[in-house]
Amino acid sequence: MPHHVKHTIHNNYSEFEDDAIAQYMNTDYIALPHILQVYEAREMFLTKLKDDDIPSQVFITDGKKLCGILSVKKMLQEKEVMQPITNLMDESYISLAPGDQRQDIVELISKSDCDILPVVSNGKLVGCVTAKEIAHLLEDDVTEDAQRQGASLPLDKPYLETSPVTLWKKRAVWLLLLFIAEAYTSSVIQHFEDALESAIALAFFIPLLIGTGGNSGTQITSTLVRAMALGEVHLRDLGKIIRKEMTTSLMVAVTLGLAGCGRAWMMGIGPEITLIVSLTLVCITMWSAIISSVIPMVLKRVGIDPAVVSAPFIATLIDGTGLIIYFKIAQYFLELN
């Protein structure tokens, strides 16, 4: 669990995972019996207040069963004080379960207008999340996404309290996976050895090309993952996303292609290699846009946190495929001439 969250739950819920709502749940809430009239509810509400922090809503219950949510403002301003409190309560409300995972309900919570949400287990009210817990929950989700996108497991303690050994454990697994995934790029270079031997100048631009593809993919992935977390985009928007990113990437690709021409000219490279490098920059940038747009959305659809597909993994995939694009374009022009 992220380090700054204070455990407010009862021990009965300690079996839930660190990312479960139970770990954020507050058991200090005000519940009023459904049989009360408005004036009685006011009196009980005032007796249950423990400090100056007045909640905006209270829960109406039948025993432990949650019946509805009542606005404190509505209760205090109601003139017909002899009517049942149930006449004023709202029976349409958002509720959470102790076992709900944080990443699954972040979008739901962020769109809710309420500053207090009930936590219900088997129809019984067991706790709530207030504005304070909601703020912690959303902050933890952003923090974890940021750490995962950096190809590292989330930290359980503040950075300065985390030992080098723990940091090693958090980072080494991901780096080993990236190392294995990156190894296939050497196989690609070996496969196109003949093309490199016939035009050694091609090797000069390999770092430039794969770096550009990875950087482009990182930009798109970071933007999309955050937009998905905020509920701004969904799988049904995939067509719009691809069109938008392809249009943007085309403009970026032309810009980078011209920059590639300039770089080749400064290095004294011939027009043939210059053309190959420029076309490759355009193709890699466009390919990167497709990969970076589709993969996070598809993983979200199958229930995998898109933040796990961090920028380094997208960059690694684009590195190898970008090299294939580069050498295929080179082979075409070199054989053509």
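The residues SER187, SER71, when put in order of fewest to most other Cβ atoms within 10 Å, stand as SER187, SER71.
With K and R counted +1 and D and E -1, the other residues having a Cβ less than 12 Å from that of VAL126 yield a net charge of +3. Take the Cα of ASP90, step 7 Å toward its Cβ, do the same at ASP28, and the gap between the two points is 2.4 nm.
Legend: residue pairs LYS244/LYS328; LYS74/LYS132; LYS65/LYS132; LYS65/LYS300; LYS79/LYS132; LYS48/LYS79, Cα-Cα distance threshold 30 Å; pairs beyond threshold, LYS65/LYS300; LYS79/LYS132. Sorted fewest first by neighbouring Cβ atoms within 10 angstrom, LYS244, LYS124 come out as LYS124, LYS244. Here r is the Cβ-Cβ distance between SER187 and GLN331 and R0 is 22 Å; the resulting FRET efficiency, rounded to 0.05, is 0.85.
When peptides 41-48, 206-213 are ranked by their average number of other Cβ atoms within 10 Å per residue, the highest-first order is 206-213, 41-48. Determine, from the Cβ-Cβ distance of MET82 and THR248 and an R0 of 45 Å, the FRET efficiency 1/(1 + (r/R0)^6), rounded to the nearest 0.05. Computed FRET efficiency for MET82 and THR248 comes out at 0.10.
All of the numbers you see were taken from the coordinates with simple rules; none came from a lab. These numbers were taken from a predicted model, which means no experiment stands behind them. Cβ sites come from the backbone with ideal geometry, for glycine too, and all protein chains shown count toward neighbours.
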